[in-house]
Amino acid sequence: MKPLAQRLVLPAVLPLAVLLAACDAVEPDEVTTDGTSQAEPVVAAKAIATPAPVGAAAGAVPAQIVDGQGFGQGAVVAATLQIPAGWGTMGGVEWNLQTPCVGNQMRLAWMTAAPDRRQEFELMHGFAWQVQGHAIEMNPCPVVAIRSTREFLQAVVQQRRAGARFVDYRDRADWAQKAAEAAQPGNNQAQVRYDSGQLLISYDTPAGPAHELFAATVTFTQIGNSVMGSTAMVVAQRALGGRPDEALGERIAASMKPNPQWMAAVRERGMASQQRFASNQRQQIDQWHAREMARINAQGMADRAAIRAQTSREIAGIQAQTYANTQATNDRMHRRTMEGIGEYNTYRNTDGGSVRSSIHEGQRVLRLQDGTVVNTNSPYFSPAGSQELQRVR
């Protein structure tokens, strides 16, 4: 008999697993949900029928995995399977439509147990994440440092079975191979790697020591530098007083028959959620772009206005300087004309004024200490306290 977890990749079980891993093999920039898909059911108009029970094995009875929220029409059967007679069941499928990561919206939590609870078989929801160090900002899925199925199962155990002892881990390349063979064609640009394994743990309970076997197949999808990890579900089988009966778990898993109409509704919900997130994301980008362009345009207008103002100031300054120079030239020409007519030269007085001195008198003009002005041609005449005035050119 094949181990329990291997059944997750057989045709009878794989379709449900594939749908539960809605983020598998999706390009990082296409992982799209906006967390608002709870507002409208996707397939409220179509009735989802319950599939007919398959032939039961000896001592087995049919059981159902129920989607308690459904799609706007109440509880819906997600899958049927066969469990040992007398065993009870609890749980089912629920939804967390507030999370923006599509692969983490479905919450599978279903189990069946013997009347004495010495044997239990459980289906736990999977998980989709971005591998830390290979994440992109536009992808809404969480970023986690988990790079293998072993690390993933150890994290599950630490969360679900705190304090449990790790007994053994086995890589299951055979399961990974079957998962690869059963996978649907995806993005040609994506590099997909399947990693499978099972982890055996032990822990103490009030009823005695228990052993539990956790199994999963993790799909790692790389597109460019982005790496996504996702697992459809985690299968857990536990037993008191010894190792779980894997053959029994195999029979339960192999009998699982997903409801095709429910799966179609799940697919529609996921696609609608992706489209809403993509639309919302594009709207946010467009709004950011519009704001940025408005800021750039406003800054450009302000810069151009500042340049125009500076240019106007510079032109005004040039014009004012030109006018001043023209006026100064005109004043100088007028002064020299008047000096020629009057036969005098103009000297700059020490008090800021000017002094006119006849060209027929001495060429040196001095202001004496008492304020009087005298002319002389003597180069040596320089009374105490006197200052020689400079001619205005």
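What to note about this one:
- When Gln158, Gln130 are screened for being surrounded by 20 or more Cβ atoms within 10 Å (Cβ to Cβ) and of a type outside the set (Phe, Trp, Tyr), only Gln130 passes.
- Scan of the stretch 158-202 for residues that are touching a residue at least 40 places away in the same chain (Cβ under 8 Å), outside any helix (DSSP H, G or I) and closer than 18 Å to Val235 by Cβ, ordered by number: Arg161, Ala164, Val167, Arg172, Asp195, Ser196, Gly197, Gln198, Leu199, Leu200, Ile201
- Selected residue (only one of Arg172, Arg160 is modelled with pLDDT under 95, within 28 Å of Ser226 (Cα to Cα) and among the charged types (D, E, K, R)): Arg172
- The single residue among Ala22, Ala75, Ala60 that is surrounded by 17 or more Cβ atoms within 10 Å (Cβ to Cβ) and modelled with pLDDT of 50 or more turns out to be Ala60.
Listed here are the residues, each with its yes/no results for (1) in contact with a Ser or Thr (Cβ under 7 Å, 6 or more places away or on another chain); (2) without any contact (Cβ under 8 Å) to a residue 12 or more places away in the chain.
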residue: Pro84; (1), (2): no, no
residue: Gly91; (1), (2): no, no
residue: Gln105; (1), (2): yes, no
residue: Leu108; (1), (2): no, no
residue: Ala114; (1), (2): no, no
residue: Glu122; (1), (2): no, no
residue: His125; (1), (2): no, no
residue: Glu137; (1), (2): no, yes
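- Cβ-Cβ under 8 Å pairs, at least 6 apart or on other chains, the stretch 313-336 side under 21 Å from Val392 (Cα atoms), far side of a type in the set (S, T, N, Q) and at pLDDT 85 or above: Arg335/Thr346
- A single entry from Ala239, Ala264, Ala247 fulfils the requirement of being surrounded by fewer than 13 Cβ atoms within 10 Å (Cβ to Cβ), outside any loop (DSSP other than H, G, I, E, B) and of a type outside the set (Lys, Arg): Ala247.
The values are calculated or read from the model by the stated rules, or taken from the named source; none is laboratory data. Just so it is clear, the structure is predicted and the values come from calculations on it, not from any experiment. Counting neighbours? That spans all protein chains shown, and the Cβs are built from the backbone with ideal geometry, glycine included.
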